[in-house]
Structures are given as structure tokens and as C-alpha cells.
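Trainee: The structure under discussion is supplied below as C-alpha cells; questions concerning it will follow.
The values are calculated or read from the model by the stated rules, or taken from the named source; none is laboratory data. All figures in this text were calculated on a predicted structure; none of them were measured in a lab. Because the Cβ atoms are built from the backbone with ideal geometry, glycine has one as well, and the counts that use them run over all protein chains shown. Calculation scope for accessible area: heavy atoms of the full protein, side chains included, ligands and nucleic acids excluded. Shrake-Rupley method; radii C 1.70, N 1.55, O 1.52, S 1.80 Å.
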Amino acid sequence: MLCEMCGKEVELTARVRIEGTILSVGPECEKFGTRVDPVPTPPSAGGPRPSNTYGAPATRTAGGGRRMEERDLYTEIGELELAPDWFKRVRVAREALGWTPEDLGKKLNEKKSVVLKLESGGLHPPDALVRKIERLLKTRLRADPAAPA
Ligand SMILES: [Zn+2]
């Protein structure tokens, strides 16, 4: 399966909430978000390990103050350069698939209002959401001069 954050092929994904969006990400990108449900144990894992180790509390989160992970996330957002008409591409690609804004919203775990705001260019999506939209709509939102016409 693919990590929805960086697009890399990973063995296991965890569902994490990143900036209000639920993504399935690999172990490397899990730290950018908040885990929303446990990682499924791989069927091939025949070890004696109990399956509920994921419930262990993370000791680092208890401390006061901002966590490093948050800072990393903020630097990550906006890293991608979007095409000038990226929001038009979202609408055109969505309509080509016959999806309503609600349909797209559901697939993105976002509200319809968020989709409409995106399509009007009133909301700049974080990189994770850009990648998710690109994958869902099979379109490219990023400015990429090297891409074939
Ligand atoms: Zn990743």
C-alpha cells in the first residue's frame, strides 16, 4: 500500500489525522499526525507478541509545551508549488468523474463546504491534502513544467 503523505510504498499504514484530514500513512509519516485507530497486525506476524501493544501511551506527549512534530508539520505544509489554476483543476476533474462536492468531501473526510472553498481557491490545501486530491481525482494540482501536456 501507499503512504498518502509521501506516496511511498510501505508495508503498513496507520490512519492519522493531519490538519483535520484523515490519511493512511506509513511509519515514517505517522509522526506528522495524530493516530486515529490502531494499526492492523500483519497476518504473517506469527510472533508471541500480544496484539494490543499499540495501546501503550506515548511518554513524550505528556510533557508541556509544543511538540517537535507540530513544528515539522508546519514546515511541511505549503512545500508544494501549486499550479495557478489548481482549484479549477479540482472542479474540472471532480465533474469529469460525475462527483458532487459532497462526494469528493466524503472521500477526503472533509465537509462539502471545504470542497467548495477549495474549488473557489479560497482555501490553500496542505501538502497532504493536495496529494490526496491528486490521487483521488487522478489529476495534478502541482505546477510541474516537466509534465507532458
Ligand atoms: Zn510517508
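Trainee: Among what's in segment 29-38 and is away from the ligand (no atom under 14 Å from the Cβ) and open to solvent by 60 Å² or more (accessible area, probe 1.4 Å), pick the residue that is modelled with the lowest pLDDT.
Mentor: Pro38
Trainee: Condition first: acidic (Asp, Glu) and farther than 15 Å from Leu108 by Cα. Now tell me which residues in segment 1-23 satisfy that.
Mentor: Passing the criteria: Glu9, Glu11.
Trainee: Checking Thr75 against (1) polar (S, T, N, Q); (2) at pLDDT 90 or above; (3) surrounded by fewer than 10 Cβ atoms within 10 Å (Cβ to Cβ), which test does it fail?
Mentor: (2)
Residue-wise test of (1) at pLDDT below 95; (2) small (Gly, Ala, Ser); (3) part of a loop (DSSP other than H, G, I, E, B); (4) loosely packed, with under 10 Cβ neighbours inside 10 Å.
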site	(1), (2), (3), (4)
Leu12	yes, no, yes, no
Pro27	yes, no, yes, no
Arg49	yes, no, yes, yes
Gly65	yes, yes, yes, yes
Lys88	no, no, no, no
Arg94	no, no, no, no
Gly98	no, yes, yes, yes
